[in-house]
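Encoded as structure tokens, the structure appears first; notes follow it.
We did not get these values from a lab; they are worked out from the coordinates using the rules stated. Treat the numbers as computed from the prediction; the structure is a model and nothing was measured. Cβ: placed from backbone, ideal geometry, glycine included. Neighbour counts: every protein chain shown.
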Amino acid sequence: MLTMMMSIAHRITGAALYFAMLLLAWWLMATASGPNAYATVQWFMGSVIGRFVLFLCTWALLHHLLGGIRHLIWDLGYGFEPNEREWLARATLIGSIGLTLILWIVGYMVVGAS
Amino acid sequence: MSVTGHDMRTPLQRVRGLGSARSGTRHFWRQRLTAVAGIPLTVAFIFVVLALMGRNHAAAVQILGSPIVAVVMLLFVLNMTYHMWLGMQVIVEDYVHNEFRKVALLMANSFFCIVVGIACAYALLKLSFGV
Ligand code: HEM
């Protein structure tokens, strides 16, 4: 059950990141355009909606990254035993949520310190 | 495939270049190639984002314009847009069976990924060379 949901989650996070790349493109283009455009994009990213979207993006990226590593492990021919699959699915989910929280705590510490 | 029993090729060599679109393994292989490359690049990308957080415009430009950061970001952006182009192609092929819609979506996918990739790459180059 969990392993099935993890497979679908890999596809959904991949598709979400596909569109999230628009945010990166917008941010980079704005930074390259100058201080005014940069201020606008920074305002959006710092708003409640912006932070929420970026939080979900962080989780999607980390979940897809760990899920991708899981796929690569399977490609090498390992991790097919039922208990191994279960373990990998759990590690992907717990790892992605844990790393997301850690990154955001570090992020707030970085901003707070500067 | 050989029927004489003297085929010296490995199974992987036999399937190379075959498949429904004669590009099955090449597509698969590039998806894996960009995935493997994506692991260190994504980790590096996360560190760059952390370094950029809360900076003013001048500082952000300076960080993104330094050679190592710029090259890492360019590799990340180009690798990831290629990866997501291949990935979305698989998703479209899996779910869309109407031939016209499929071709239209595959085209849209190509345009989207090229625009995103070029926009990111152009911005990064402009930040480096300041033109
Ligand atoms: C901006 C970052 C990324 C985007 C936009 C993205 C997008 C996608 C998309 C749209 C798919 C197709 C999903 C499917 O067929 O179910 C996919 C598949 C895949 N991604 Fe990513 N991806 C990203 C980062 C990564 C990273 C860092 C890895 C590293 C491990 C990775 C590993 C994979 C693998 C192995 C697959 C194939 C899964 C399969 O065969 O079912 N991706 N990605």
Separation of the B:E93 and A:F52 label points, Cα + 7 Å toward Cβ, nm:
3.7 nm
DSSP H segments from chain A that extend 20 Å or more along their own axis, Cα-based, with Kyte-Doolittle mean of -0.5 or above:
A:2-33, A:48-75, A:82-113
What ³J(HN,Hα) values, in whole Hz, does the Karplus curve 6.51 cos²θ - 1.76 cosθ + 1.60 give for region B:59-73 when θ = phi - 60°, with x put for Gly and Pro?
5, 4, 5, 5, 5, 5, x, 6, x, 5, 4, 4, 5, 4, 5
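Under the definition of partner shielding as Cβ atoms of other protein chains within 10 Å of a residue Cβ, what is the mean value for peptide A:29-39? Intermediate results must be reported in sequence, preceding the final value.
Working: counts 6, 3, 12, 13, 3, 2, 5, 1, 1, 6, 2.
Mean inter-chain Cβ contacts per residue within 10 Å come to 5.
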For region A:2-109, restrict the atom set to alpha-carbon positions and state the Rg and Dmax in Å.
16.8, 55
Could you tell me how many cubic angstrom of Cα convex hull volume region A:1-51 has per residue?
69 Å³
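Sort A:74-85, B:113-124, A:2-13 for me by packing, meaning the mean count of neighbouring Cβ atoms within 10 Å per residue, highest on top. Could the numbers behind the result be given before it?
On the way: A:74-85: 10.8, B:113-124: 18.9, A:2-13: 15.1.
Highest mean packing first, the order is B:113-124, A:2-13, A:74-85.
What translational D, rounded to a whole number of µm²/s, comes out for region B:80-124 from Stokes-Einstein when the hydrodynamic radius is the Kirkwood one over Cα pairs, at 37 °C and 0.692 mPa s?
Values: Rh = 11.0 Å.
In µm²/s, the coefficient is 300.
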Largest first and rounded to whole Å, the semi-axes √(5λ) derived from the alpha carbon gyration tensor of the protein assembly as shown read 36, 23, 17
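Counting only other chains, what is the mean number of Cβ atoms within 10 angstrom of the Cβ of each residue in peptide B:97-107? Don't skip to the answer; put the middle values down first.
Working: counts 0, 0, 0, 0, 0, 0, 0, 0, 0, 0, 0.
Shielding by partners across B:97-107 averages 0.
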